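One structure is given below, encoded as structure tokens.
The values are calculated or read from the model by the stated rules, or taken from the named source; none is laboratory data. Only a predicted model underlies this, so the values are computations on that prediction, with no experimental measurement involved. Neighbour counts run over all protein chains shown; Cβ positions are idealised from the backbone, glycine included. Heads up: the accessible areas ignore ligands, DNA and RNA and are worked out on the full protein's heavy atoms, side chains in. Shrake-Rupley method; radii C 1.70, N 1.55, O 1.52, S 1.80 Å.
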Amino acid sequence: MKRLIALDLDNTLAPVGQPIMPETIALLRRLESRGDILAICSGKPTYYLCGLLRQVSLQHPILLGENGAVLQFGVQLPPETFHILPYSPAAKASIALLKTHLTDRLPHLWYQPNLVGLTPFPVTEAEFDTIEQCIRELQDQLSDITVYRHADSFDIMPSNLHKGAGLHYLGDLLTIPPERTIAVGDGPNDYPMFQYAGHGVGIGSVDSAQVDRVFVTIDEALRYLLAMQEPHI
């Protein structure tokens, strides 16, 4: 049975806003050529991942965007297969309410063009503080959402939609069980996919308690995956 390898993008496959390096691309292609199924699982929307992955030239990439909320097979538009995972009306209403209040306070704030979640990109520390203050003030009116703070943004998601849920959904579609699934990532929004996957690989300063192995660089991690003996994960 094939392995499913889910890989975070920012600060895992590449630094934030930077391209994937040629050696990393070569290692990804080697994994795919030997039969592994590769899924890029990111907080970025799938259309962003399409542009990035076109340069990588994988044969059958799978994109899990918006922290697992949106699933796409391939990098062509329109995609050959596309899914938006279900979530509650309460979460949808909470996200809309929060965006309304944030727009009132920070009218020039830029938002990632998501299909599901809300991802504002504050520019200054004061804007970070304003967003957190707004969330605190509205907490009694907000329900069924989870907030992830990153170095450059916030991801505000329906609570049932996270990378673990997206990976579970994908595994069911492919009939690949968790024990044949490997998750590779670096931060708190990757923890749900570490919890789902049979094997977790951390990059950089990730909490080592969340994963089975930790590597300094992605290339070290990919070489480790290439060297793993079958059939055991």
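For a straight C-alpha distance cut-off of 16 angstrom, the aspartates and glutamates reachable from LYS2 (same-chain residues fewer than eight places away being disregarded) are GLU32, ASP36, ASP172, GLU179, GLU230.
Counting 0.36 nm for each residue step from SER159 to LEU77 and taking away their Cα separation leaves a gain of 26.7 nm. Annotation for the range 33-141: trypsin sites (Lys or Arg not before Pro) lying in DSSP loop with at most 15 further Cβ atoms inside 10 Å of their Cβ are ARG34. Here each label is just a point 7 Å from Cα along the line to Cβ, and for GLU179 and SER205 those points are 3.7 nm apart.
What is the Å³ per residue value for the convex hull set by the Cα atoms of the range 68-179?
Numbers: hull volume 14.5 nm³, N = 112.
Normalising the Cα hull of the range 68-179 by residue number yields 129 Å³.
Report summary: the helix-based calculation at 222 nm, which adds -39500 (n - 2.57) for every DSSP H run with n ≥ 4 and divides by the residues of the chain, gives -10500 deg cm²/dmol.
Here the accessible area of the chain is 54 percent carbon and sulfur, with a 1.4 angstrom probe and all protein chains present.
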